[in-house]
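Where a number appears in this text, it was derived from the coordinates with a stated rule and is not lab data. These numbers come from a predicted model, not from an experiment. As a convention, Cβ positions derive from the backbone with ideal geometry for all residues, glycine included, and neighbour counts pool all protein chains shown.
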Amino acid sequence: MNQKVSVIGSGNVGATAARSIADKELADVVLLDILEGVPQGKGLDMLEACPIEGSDSRVLGTNDYEDTAESSVVVITAGLARKPGMSRDDLLQKNAGIIKAVTREVVKHSPDCIIIPVTNPLDAMCQVVYRESGFPRERVVGMAGVLDSARMRTFIAEALNVSVDNTHAFVLGGHGDAMVPLPRFSTVAGIPITQLLDQATIDSIVDRTANGGAEIVKLLGTGSAYYAPGSAVVQMVESILKDKKKILPCAVFLQGEYGIRDLFIGVPVKLGVGGAEQVIEISLEEEEKEALDRSASTVRELVNILGL
Ligand SMILES: NC(=O)c1ccc[n+]([C@@H]2O[C@H](COP(=O)([O-])OP(=O)(O)OC[C@H]3O[C@@H](n4cnc5c(N)ncnc54)[C@H](O)[C@@H]3O)[C@@H](O)[C@H]2O)c1
């Protein structure tokens, strides 16, 4: 029997991730949404792409959590986008309500799964999933850092005219404009970019990375990025299902690492069949630590509003 991955929310990010999981034949996929017909239609469409892609993954669209039973991994992309007149706090409360209800159903049907929250505000929504699921921290791993570092890698490769394959980017902190890209640990073929690029170019790469989401929102007009976020989700899913133990930047519940306690924040983790199997700690310079603390305090503000 194939493993099963369920994707909750069949919108742009959910559908993009589901399609790629099926294309790569990583698992059978269940796509669930509250909208009737939409997950079923998209799921059938993806299934009909499988013969062309050479994949025997089964894809099912549904409104029923029964179909998600015994998933190995559940990706949560369900949520609302901010509408005109809605404050950030309104959105925070609304999405927290959705995520709570979704988590309850997920846990009921897949008590042993690993949950990858994607819905924004990411780090706060991870905290909601963690509290509501009662899962050990290893099994709630938020997606943001893989996307943020992919954006940084894109800009580094562009600046140096080298293959993206040679690039490695290191981003810490919450998912938002207070995130902390670390040039010292960002490399091309193992060489820190601080030895390859001048400071002004590095500053502009860091700035573009931190505002990468907003850049795409502005171009699209409505909605937000989904191709790179979908790919980022799939890289995490693959590392878990194949027990690859990749070191990837993910949001995890810190318990004293990096001097931060009881808060989800993006740090490098070893991602394998057990979920976030290890938090990798590196020693930060004072300025970097201050930036991480600033980022953590913006996440803590949201978590406090939610009373978590
Ligand atoms: N963490 C990241 O790096 C990252 C990157 C991109 C997007 N996001 C976030 O991911 C989320 C999804 O983005 P999108 O572009 O796919 O949005 P979208 O609006 O296209 O899709 C959201 C889907 O969730 C569904 N939904 C709403 N309430 C639900 C519920 N109770 N149960 C099941 N489904 C429900 C909606 O019907 C919709 O189909 C957003 O919160 C977005 O901000 C995060």
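Among the residues of segment 210-244, those identified as among the β-branched types (V, I, T) and without any contact (Cβ under 8 Å) to a residue 60 or more places away in the chain are I216, V217, T222.
Taken over segment 108-158, the criterion of being among the basic types (K, R) and within 23 Å of I305 (Cβ to Cβ) is satisfied by R131, R137. Filtering L248, L220, L263 for residues that are farther than 26 Å from L160 by Cβ and surrounded by 15 or more Cβ atoms within 10 Å (Cβ to Cβ) leaves a single hit, L263.
Scanning segment 105-117 for residues that are more than 11 Å from the ligand (Cβ to nearest atom), among the charged types (D, E, K, R) and not in a loop (DSSP other than H, G, I, E, B) returns a single hit, K108.
Residues of segment 217-245 being part of a helix (DSSP H, G or I), more than 10 Å from the ligand (Cβ to nearest atom) and touching a strand residue (DSSP E or B) at 6+ places or on another chain (Cβ under 8 Å), which ones? The answer is Q235, M236, V237, S239, I240, L241.
In the set (1) in a loop (DSSP other than H, G, I, E, B); (2) more than 16 Å from the ligand (Cβ to nearest atom); (3) within 22 Å of E285 (Cβ to Cβ), the condition left unmet by I156 is number (1).
Taken over segment 199-216, residues that are in a loop (DSSP other than H, G, I, E, B) and within 10 Å of the ligand (Cβ to nearest atom) amount to 0. Within segment 271-300, the set of residues being in contact with a helix residue (DSSP H, G or I) (Cβ under 8 Å, 6 or more places away or on another chain) and among the small types (G, A, S) comprises G272, G274, G275, A276. In segment 275-292, what count of residues is obtained for those that are in a strand (DSSP E or B) and crowded, with 19+ Cβ neighbours inside 10 Å? Residues meeting the conditions: 3.
Determine whether S224 is closer than 12 Å to A150 by Cα and of a type outside the set (A, V, I, L, M). No.
Screening A101 against (1) under 19 Å from the mean Cα position of the chain (by Cα); (2) within 14 Å of the ligand (Cβ to nearest atom); (3) in a helix (DSSP H, G or I) leaves a single unmet condition, (1). Scanning segment 103-129 for residues that are touching a Ser or Thr at 6+ places or on another chain (Cβ under 9 Å), of a type in the set (S, T, N, Q) and buried (at least 24 other Cβ atoms within 10 Å of the Cβ) yields T103, T119.
Taking segment 168-183 as the range and being within 16 Å of the ligand (Cβ to nearest atom) and assigned to a loop (DSSP other than H, G, I, E, B) as the test, the residues that pass are A169, G174, H175, G176, D177, A178, M179. Please state which one of S149, S163, S186 is surrounded by 18 or more Cβ atoms within 10 Å (Cβ to Cβ) and more than 16 Å from the ligand (Cβ to nearest atom). That would be S186, the only listed residue that is surrounded by 18 or more Cβ atoms within 10 Å (Cβ to Cβ) and more than 16 Å from the ligand (Cβ to nearest atom).
This table checks each residue for (1) in contact with a Leu (Cβ under 6 Å, 6 or more places away or on another chain); (2) surrounded by fewer than 23 Cβ atoms within 10 Å (Cβ to Cβ); (3) of a type in the set (D, E); (4) within 27 Å of L271 (Cβ to Cβ).
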{"residue": "D28", "(1), (2), (3), (4)": "no, yes, yes, yes"}
{"residue": "S55", "(1), (2), (3), (4)": "no, yes, no, yes"}
{"residue": "L60", "(1), (2), (3), (4)": "no, yes, no, yes"}
{"residue": "Y65", "(1), (2), (3), (4)": "no, yes, no, yes"}
{"residue": "V73", "(1), (2), (3), (4)": "no, no, no, yes"}
{"residue": "I76", "(1), (2), (3), (4)": "no, no, no, yes"}
{"residue": "P84", "(1), (2), (3), (4)": "no, yes, no, no"}
{"residue": "I98", "(1), (2), (3), (4)": "no, yes, no, yes"}
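Residues being within 18 Å of M179 (Cα to Cα) and in a strand (DSSP E or B): count how many of those fall in segment 246-261. Final tally of qualifying residues: 8. Within the option set D207, D243, being over 19 Å from I115 (Cβ atoms) and surrounded by fewer than 22 Cβ atoms within 10 Å (Cβ to Cβ) holds for one residue only, D207. Here segment 1-60 is the region considered, the condition is being away from the ligand (no atom under 13 Å from the Cβ) and small (G, A, S), and the residue that is farthest from V75 (Cα to Cα) is G54.
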